[in-house]
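Only one structure is covered here, and it is reproduced in the block below.
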Amino acid sequence: MGDGSPRPDPFDFDEVFAQHARAVFAYALRRCPQAADAEDAVAETFTIAWRRFGQVPRGEATRPWLYGVCRRVLSNQRRGEVRRWRLLDRLARREQVPRPLVTEDGPAGLAIEALGRLRGDEQELLRLLAWERLPHAEIATVLGISVNAVAIRIHRARARFEVEFHRESQAGGPKGLGHHWTSTQVKGRVAADRVRERPR
Amino acid sequence: MTKRTEGDPLDQLSRADPVDAHGLDLAVLARIRQRSRGAATSQTEGTQVAWKDARRRPPALAVSIGAVAVAVVALLVLNGSDRRLPGALPEPDPSGGPVTALCVETYDLDTLRDRDFAFDGTVQALAGDSVTFMVNESYRGLDSASVTLSAVGMTGTIITSAGGPSISQGQRYLIAGDDGFAWACGFSQPYRPEIAARWAQALAE
């Protein structure tokens, strides 16, 4: 066990997994260009939860704790991907990385486009608010910042998001800029069959 | 062409959620559970890394990538290049970017000068996260006798690990912030005459 915690009762672990795995997997999918990367991240997240089971907070605090772990796992995963692709790019002089695509029309597409124009930390605050639907206190847990800072930053991020949204609206809508999701993810959502097939 | 939009943009963002969590495959979740438990009970980190890499790509490709990586590292050491090619991913920004600081900003007199308002006030009313202060002295940004602010994390409605004072009815505080928010982390603190004098001096300059 990684931190000296006693081995968890498998039934306790399975209960935590059953309650939260779907939400954590959705969290990861929303932030990964590839479903397989999301699956890896969630598996690693629950591996950490297993090893540190004694530290996993219970009740309402469990899910934001798991999101926070998954966030760090994804961060490490992405750094590795960036390094790998950058090295390959420099040597091979090829465009290997999926290009950003946003093709959905309508207000939802405008919202995605506007979100992509914000800073990364602002994007994440709004994702946690709009997609994970977390209250401020739980967002604070995920990000490891004070709830006061969350409230202030969300206020600012929402203001900037609304400016960008209306700017996009005036400009005529999405143009496929500045976002890493594939058109499949944005237009059709991440479908169960796409996850099931395991693209790699 | 101008598109017509309706409702709160954040509602539109909610509708643009790219994942249908209810449609996720239970078989995939079961596979994740097995992977997690298997990895956690394996004896070494090396076992996990080997297993994970083996799943991700064929061995020959992994070897090729490794060789390429070594070659490029050598090239970078030689020429120090950091140019980003077309198609390369942006800097690491997987899920939030630089949201690392516990507070919005570090408190000092310089950052205090950047706040929209700062004052010496006494709490008249508390309602959830909203606090109404009677303004004893405004150092910046207020010209009214009282002001109501959001003081999230300082009113006892949410348990918080860091931030500002626990604001109480009738008590006197030094308060600073922006956009109707009282900032924690030193920008709001119990009133002390010596600190108030520093605020007054700093904000008068």
Out of B:Glu137, B:Glu194, which single residue is surrounded by 13 or more Cβ atoms within 10 Å (Cβ to Cβ) and at pLDDT 95 or above? B:Glu137
Identity of the residue in region A:46-93, of a type in the set (A, V, I, L, M) and modelled with pLDDT under 90, that ends up nearest to B:Arg37 (Cα to Cα): A:Val82
Residue check for A:Val142: farther than 19 Å from B:Ala16 by Cβ, among the hydrophobic types (A, V, I, L, M, F, W, C) and in contact with a His (Cβ under 8 Å, 6 or more places away or on another chain): no
Taking region A:23-34 and keeping only residues that are small (Gly, Ala, Ser) and surrounded by fewer than 24 Cβ atoms within 10 Å (Cβ to Cβ), one is left with A:Ala23, A:Ala26
Between B:Ile159, B:Ile167, which is within 30 Å of A:Arg72 (Cα to Cα) and modelled with pLDDT under 95? B:Ile159
Hits in region A:139-194 - residues which are within 7 Å of another protein chain (Cβ to nearest Cβ), more than 30 Å from B:Tyr107 (Cβ to Cβ) and modelled with pLDDT of 80 or more: A:Phe165, A:Ser169, A:Gln170
Kindly list, by first and then second residue, each pair from a residue in region A:34-48 that is more than 8 Å from every other protein chain (Cβ to nearest Cβ) to a residue that is assigned to a loop (DSSP other than H, G, I, E, B) and crowded, with 22+ Cβ neighbours inside 10 Å, limited to pairs with Cβ atoms under 8 Å and residues at least 6 apart or on different chains. A:Ala38/A:Arg31; A:Ala38/A:Cys32; A:Ala41/A:Cys32
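The values are calculated or read from the model by the stated rules, or taken from the named source; none is laboratory data. It should be emphasised that the depicted structure is a prediction, and the values quoted were computed from it without experimental measurement. In this analysis, Cβ positions are derived from the backbone assuming ideal geometry, glycine residues included, and neighbour counts consider all displayed protein chains.
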